[in-house]
Structures are given as structure tokens and as C-alpha cells.
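Asks: Mind having a look at this structure? Questions to follow.
The values are calculated or read from the model by the stated rules, or taken from the named source; none is laboratory data. From a predicted model like this one, the values you see are computed outputs, not experimental measurements. For neighbour counting, all protein chains shown are included, and Cβ atoms are generated from backbone atoms with ideal geometry for every residue, glycine included. Ligands, DNA and RNA are excluded from the accessible area calculation, which covers all protein heavy atoms including side chains. Shrake-Rupley method; radii C 1.70, N 1.55, O 1.52, S 1.80 Å.
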Amino acid sequence: MTPIRIRIGRGGRGRLSARILVSQLVILALTGAIGFLLFAFAQRSALDRTYEGRAVALAQTTAADPQIRRAMADGDGTDVVQHVAERIRRASGARYVVVIDLHGIRHSHPIPQLVGEPVTEPVVARDGRTHVGTDQGATGRSANGKAPLYGPAGELVGEVSVGIPEHDVLGELWRELPTFAVYATIATALGCAAAYLLARRLKRITFGLELEEIAGLLQDREAMLHGIREGVLAFDPDGRITVVNDEARRLLGLGTALGSTLDEVLPDGRLRRALDGTLTGTDISVLTDEHCLAVNRMPVTLRGRELGAVVTVRDRTELVGLLRELDSVRGLTDALRAQQHEFTNRMHTLAGLLDIGAYDDAYEVAVESAGAGQALTESVRRRIGNPLMVGLVVAKTTVAAERGVRVELDEDSALGEDPPQLRRLLTIVGNLLDNAIDAAGDGPPPAGGRAVRLTLDGDGDGDGTTVRVADTGPGIPPGAHESIFEDGWSTRPDRGTARRGLGLALVHRLVSRHGGTITVSEGPGAVFTVRLPDLAVPQRESRRESQGDIQGERVTKALPVGGESR
């Protein structure tokens, strides 16, 4: 089967990729700016902590100076304290080094006028621990560290407060930010390159379609799939169902099938083999319990790449029914034409006998002609009490006779007026008789002539009903006694109106569904034996079976039942 090849234009080239690229650039720029600001704040906080640690270390160093410790312990060394503190401040680059006694009085300060003045905040070093923070003092904003000051004897005599100027922290920050800016620029460039490649890949995956075109195609696809009266399924390369429309669900009895494989939603059989591609060909006929389907599977490729397959399923029940009726009408027309020809010959014979005055011979010919059909009907009625089955057997006998085939009703046949499962019996007997008549009518006649022998055994004694049909045809090929009951199996070509290979499948489904058995002999002269029990259909299945019987009537009428398996 020729695979479907998809060709898609490249109208509007570049629009989708441009939009994606611009969007990615905007996102990268925003995230880069946000990241830069977050880094700046984080780095500022880290630098604050670093400089606060340096301020504490410097305060501890100052508090450990022996001159300051002795002067503060003696209480009269303000000049010494100011001199040493300023020396340390200038050497370390601190903004201030302030020595405070326990009363809050400054003994050193970069501004000499503030020496001897009290501080506004309490002396926090009384607890004997260091403290850090940010100080907005007389000299400006600074990273501050405070350490307790002990005298030579180890007694607490005050605290040392050291501040490092804010501009030192900001200067360090500005020196580090360019390095991060370089990293951010490189990351943005890499992101732009990745965005460009992603846009190209998306463009390739969408076959050059723009977003609006993809949305339009999706809407058109949904409208088409759910609006047509033909089942459609699509499979990905792994065999999973990706598309299934409402008609396919109805015809195949599928529930939630999307994402599943055929093994998960359908039992093994001809239907599944037709859907998964095991069976090849066009218009593969498949018989289900309710429909006669035509299945076609087509692989889908795009630019040499396998995308899966599309399967279409058509309901041919009504169509095949019309073809079956046409085929039946043709057969009846041929039979009536032959009977008319025979009746005309008899009338000519009768007229000739009357012309020559052979009235006794003419009377015998007239009686014989009038009684031939009635004798056949009475012979069948003696063994079969149901008028529907009598009419079926007589009609099939008449049609077979025009084809040179003799239909014989076995002497041991017995069927009551109201046999159980009558509708199914009529379907089974009609299919098997047509099949046997076609088989017996083919090829050269055997020594005993072409014949079909029918046996019906079901007198209502509760043992079930047995149908046996034997013919003088070529029989079933060796090893084919199982496959002949698969829909589509046949050794005969189509007759041009109705498909072959479905009648025996219908009989097999009907018999199996109602607890019966069907067997067939191999070799020349096939013998089909069907056994149907008299048991009633279980209550829990009654609704389904009643619906199946209604559909079964449609399928039965639609199926060509003559010689399906030969």
C-alpha cells in the first residue's frame, strides 16, 4: 500500500523563530538584571559582614594595647589614649577609633573636640562580648565593631569602638561587580545562542508552520474527524493510538483508547491483525458481532521519516446487505427464468397431446406437473414442523436444482413446530446450505451427481439441536479446518457484488456466542456439524444478546453466504 507522504509549505518563514528568539532574549535580560541586582545586594551584605569583622578585629587589637589598658585603668591618661588610638586609626585606615570608659565618656576620637564628651548610646561591652553593626555617627556611615577593654588586672574598664568608612565597602563592591557583569554577559550570550537553536528546532518540528496555522489545523482536524461517518485511527511509530474519532469508537467498541496499544484494547483476532498491519491489502473485510467492516491501513512518512500509520474503518453492513439482496434477486430471477422455460416446454407438450387427441396422456402430464412442487413441500413438511424452516429448505432446493445440485433431506431429520433458537437456526442453515450448494456446483460432477445432504435433529427433547450439511464438493484443504472460520478466508473469487469469506465466520460467531459447537471434516466432500444447546440466554446477557440479534439480522442479510470458505 502506498504510504501517505506529507508535504508542508514554509510560508511566513522566520516569524515563529523570531518571536521565540525575542521572547527568550527578553527573559534572559530580565533574569540577568534580576540576578545582577540580587548578587549586588548579597555581595553588599557579605562585604558589610566582612568589614564588620575587620572592625571588631581592629577593636580587639586596640583593646589589647598595653598603654591604653594602663592609661584607662589609672584614669588620667587621656592624652596617651588619644595618641595611641589615632596612631592605630591612621595605620589601619579606619574612620574612627574611640575608647570609652564605663561611664560613656570618650577618651579618644578623630574629632578632638568630642574627647571627654559622653556618647549617646549605652556601653554594650559591659557583657564582656564583642558587637558589630552599622553606625551612623558624627563621621558618617561606618561598619562598626566594639570590643570590651580590660585593665592590666583583668578588670573591665571600658570599650573600644572602631568604624570602617562606608565608601571602602562600596569601593570593594564596585571592584567585584564588573567581574560578575562579564559572567552575566557570557551567560546571556550563551542563552541567546541556545534560544536561537531552540527556535530553529521548534521550527523544524512544526514543519515551518506558524502558531496560528497550527491552531487552525487542530481545529480543522477535530471538526473533520468527529464530523465524518468513517472511523479514523492514527498510530505513532511505537504502535500507540494517538487519534481516534467517535465513529471508530462506535464501530470498534473502543473506550478510552488514546495512548494505548491495540494489544491493550482489543483481543487477538482478525480485527486486531487488520488494524496493526499484520494483514495487508485494501478493503480488508472484518466481521464483528454487530458490523461488517472494511479496514484500510496506510503508513505515514514525512521527508523519509516514519510517523506511524492511519487506519480508516468503514461500516459496510448496509452496503453489503444491498449487494446481498441484489445477488439473491439475481439468483431467484435465474431460477424463475429456468422454471418458466421448463413450464413453457410442458405447456407445449400438453398442447401437442391435446392436438393429436391423446387426452389420457395429456391428463397425466398435467397431474404430474401440478403435483411435483406439492410433493416436494409435503416431503419436507413431514420431517420439519416449522413453516419458516420448511420454506427455507424448499427455496434452497429449488435454487439448487437449477444449478444441477440435488438437495436431500435426511430421513432421520426431525424438527418440531417451535424449535428453540429458531432465528439462529435459520441463519445457520441458510448459510451452510448456500455454502454447500456453491461448493457442490463447482467442478465436474461426481459419479452419483452433485448433491447436498441436510440433517436437522431437534425435536424439543432438551438435548439441543444438531444441524449437519454434507456436500460432494472438493472439500476443505488439509490443515484449514481452523482458519476457514476467520472472516475473509475463502478459496473462491468475489462474485463482483458481495464479498466472500464472511458467511462461515458469521456462523461460527453465532454458534460460539450461544454456547454451541461447530466442526468440519477435511478432504473431499465437506461435512459441517453444528450443535446448539436448548439453554436460554442468561438474564445478565439478555439485553446485549437482544441488541446483538438485531444487529445480527443486519449482518446476516448483508453477508454473501454462498461458498465463502472454498
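Asks: Looking only at the range 114-125, decide whether some residue is closer than 16 Å to residue 60 by Cβ and surrounded by fewer than 18 Cβ atoms within 10 Å (Cβ to Cβ).
Replies: For the range 114-125, residues closer than 16 Å to residue 60 by Cβ and surrounded by fewer than 18 Cβ atoms within 10 Å (Cβ to Cβ): present.
Asks: Being of a type in the set (D, E, K, R), within 25 Å of residue 511 (Cα to Cα) and buried (at least 19 other Cβ atoms within 10 Å of the Cβ) is true for just one of 297, 270. Which residue is that?
Replies: 270
Asks: Now a separate question. Any idea how many residues of the range 411-437 are open to solvent by 20 Å² or more (accessible area, probe 1.4 Å), touching a residue at least 40 places away in the same chain (Cβ under 8 Å) and part of a helix (DSSP H, G or I)?
Replies: Within the range 411-437, residues that are open to solvent by 20 Å² or more (accessible area, probe 1.4 Å), touching a residue at least 40 places away in the same chain (Cβ under 8 Å) and part of a helix (DSSP H, G or I) number 3.
Asks: Just to be sure before I move on: is residue 55 at pLDDT 85 or above and in contact with a helix residue (DSSP H, G or I) (Cβ under 7 Å, 6 or more places away or on another chain) in the structure I sent?
Replies: Here the answer is no, as residue 55 does not meet what is asked.
Asks: Can you name the residue in the range 522-545 that is of a type outside the set (Val, Ile, Thr) and open to solvent by less than 40 Å² (accessible area, probe 1.4 Å) and is also modelled with the lowest pLDDT among such residues?
Replies: Of everything passing the filter in the range 522-545, 545 is modelled with the lowest pLDDT.
Asks: Moving to a separate point now. Between residues in the range 65-84 that are closer than 14 Å to residue 110 by Cα and residues that are among the basic types (Lys, Arg), which pairs lie under 8 Å by C-beta distance while being six or more apart or on different chains?
Replies: Filtered contacts from the range 65-84: no entries.
Asks: Suppose we filter the range 438-474 for residues that are part of a strand (DSSP E or B) and modelled with pLDDT under 85; how many remain?
Replies: 1
Asks: Restrict the check to the range 43-55 and report whether at least one residue is in contact (Cβ under 8 Å) with a residue 24 or more places away in the chain, acidic (Asp, Glu), under 29 Å from residue 181 (Cα atoms) and surrounded by 12 or more Cβ atoms within 10 Å (Cβ to Cβ).
Replies: yes
Asks: Go through 82, 67, 60 for me and flag whichever is out of contact with any helix residue (DSSP H, G or I) (no Cβ under 9 Å at 6 or more places or on another chain), modelled with pLDDT of 85 or more and part of a helix (DSSP H, G or I).
Replies: 60
Asks: List pairs: first in the range 520-532 and within 11 Å of residue 455 (Cβ to Cβ), second open to solvent by 40 Å² or more (accessible area, probe 1.4 Å) and not in a loop (DSSP other than H, G, I, E, B), Cβ under 6 Å, 6+ apart or cross-chain?
Replies: Filtered contacts from the range 520-532: 529/468; 529/519.
Asks: Still on this structure, I have one more. Search the range 208-224 for residues that are under 19 Å from residue 198 (Cα atoms) and pair each with any residue that is assigned to a helix (DSSP H, G or I) when their beta-carbon atoms are under 7 Å apart and the residues are at least 6 apart or on different chains.
Replies: Once the first residue is under 19 Å from residue 198 (Cα atoms) and sits in the range 208-224, its partners that are assigned to a helix (DSSP H, G or I) give 210/15; 210/16; 211/16.
Asks: Counting only residues that are assigned to a loop (DSSP other than H, G, I, E, B) and modelled with pLDDT of 65 or more, how many does the range 483-501 have?
Replies: The total comes to 1.
Asks: Tell me whether the range 130-149 contains one or more residues that are more than 26 Å from residue 45 (Cα to Cα), charged (D, E, K, R) and assigned to a strand (DSSP E or B).
Replies: no
Asks: With respect to the numbered conditions (1) over 23 Å from residue 221 (Cα atoms); (2) aliphatic (A, V, I, L, M); (3) surrounded by 15 or more Cβ atoms within 10 Å (Cβ to Cβ); (4) at pLDDT 75 or above, which one is the sole condition not fulfilled by residue 320?
Replies: Of everything listed in (1) over 23 Å from residue 221 (Cα atoms); (2) aliphatic (A, V, I, L, M); (3) surrounded by 15 or more Cβ atoms within 10 Å (Cβ to Cβ); (4) at pLDDT 75 or above, residue 320 misses just condition (4).
Asks: Kindly indicate which of 93, 77 is more than 30 Å from residue 184 (Cβ to Cβ), open to solvent by less than 30 Å² (accessible area, probe 1.4 Å), modelled with pLDDT under 85 and not polar (S, T, N, Q).
Replies: That would be 77, the only listed residue that is more than 30 Å from residue 184 (Cβ to Cβ), open to solvent by less than 30 Å² (accessible area, probe 1.4 Å), modelled with pLDDT under 85 and not polar (S, T, N, Q).
Asks: Quick one: would you say residue 310 is open to solvent by less than 20 Å² (accessible area, probe 1.4 Å) and either modelled with pLDDT of 80 or more or among the small types (Gly, Ala, Ser) (or both)?
Replies: So residue 310 does not fit the description; no.
Asks: I would also like to ask the following. Checking the structure you have, find out if any residue of the range 167-184 is modelled with pLDDT of 80 or more, surrounded by 12 or more Cβ atoms within 10 Å (Cβ to Cβ) and either hydroxyl-bearing (Ser, Thr, Tyr) or more than 30 Å from residue 100 (Cα to Cα) (or both).
Replies: No, the range 167-184 contains no residue that is modelled with pLDDT of 80 or more, surrounded by 12 or more Cβ atoms within 10 Å (Cβ to Cβ) and either hydroxyl-bearing (Ser, Thr, Tyr) or more than 30 Å from residue 100 (Cα to Cα) (or both).
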